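The values are calculated or read from the model by the stated rules, or taken from the named source; none is laboratory data. None of the values given here were measured: they were computed from a predicted structure. So basically every Cβ, Gly included, is an ideal-geometry build from the backbone, and we count neighbours across all protein chains shown.
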Amino acid sequence: MDCGHGTLDVTELKGKTSVKRAGNNEGVKEAYIEIYNMLSEEYGSLKTLTISNVPNLLQNELTLGGANISIIKKKEVQAILKKHFNSIFTFLQDNKFDLRAYDKVIFTGGVVHLQRLLRSA
């Protein structure tokens, strides 16, 4: 499963043969835009607050007036990310991918970074 910046692509393999594929335009970009909009509403326009910098802000902290703010621990951000992951799993279910039925599931792309951040929050 490759969930990159702009797309989600899922491929089922039997040995080295692709037997099923599905994809959509639901990459991590959608979650980043939603987080950016939420932060912009809360903190206004900041030099470090850009959509492309959201992954960095999630991993590190936002410094504002000498204070460090943990973005990943904000309840609103947690809700946005949970909604994003739920949407991915709904897509998998709708396309008849049952993760419990596979020997191995490999996640690649930006979603791996988000999942690690959520676990550490």
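Things worth noting here:
- Filter pass, SER18 being touching a strand residue (DSSP E or B) at 6+ places or on another chain (Cβ under 8 Å), exposed (fewer than 14 other Cβ atoms within 10 Å of the Cβ) and either not acidic (Asp, Glu) or not in a strand (DSSP E or B) (or both): yes
- Residues of the stretch 93-121 that are part of a helix (DSSP H, G or I) and either polar (S, T, N, Q) or surrounded by 14 or more Cβ atoms within 10 Å (Cβ to Cβ) (or both): GLN93, GLY110, VAL111, VAL112, LEU114, GLN115, LEU117, LEU118, SER120.
- The C-beta contact set for the stretch 102-120 (first residue free of Cβ contacts under 8 Å to residues at least 60 places away in the same chain, second residue part of a loop (DSSP other than H, G, I, E, B), distance under 9 angstrom, 6+ apart or interchain) comprises GLN115/PHE107; LEU117/ILE72; LEU118/ILE72; SER120/ILE72.
- Qualifying residue in the stretch 97-107 (condition: at pLDDT 90 or above and touching a helix residue (DSSP H, G or I) at 6+ places or on another chain (Cβ under 9 Å)): yes
- ASN56 being among the polar types (S, T, N, Q) and over 20 Å from GLN115 (Cα atoms): no
- Options VAL105, VAL112; residue that is closer than 16 Å to CYS3 by Cα, of a type in the set (A, V, I, L, M, F, W, C) and over 15 Å from the mean Cα position of the chain (by Cα): VAL105
- The residues listed here are GLY44, GLY27; of these, the one that is on the phi > 0 side of the Ramachandran plot and either surrounded by 12 or more Cβ atoms within 10 Å (Cβ to Cβ) or more than 11 Å from the chain's Cα centre (by Cα) (or both) is GLY44.
- All of THR63, THR90 fail the test of being loosely packed, with under 13 Cβ neighbours inside 10 Å, in a helix (DSSP H, G or I), free of Cβ contacts under 8 Å to residues at least 40 places away in the same chain and among the polar types (S, T, N, Q), apart from THR90.
- Single residue of ILE35, ILE71 found to be surrounded by 18 or more Cβ atoms within 10 Å (Cβ to Cβ) and in a loop (DSSP other than H, G, I, E, B): ILE71
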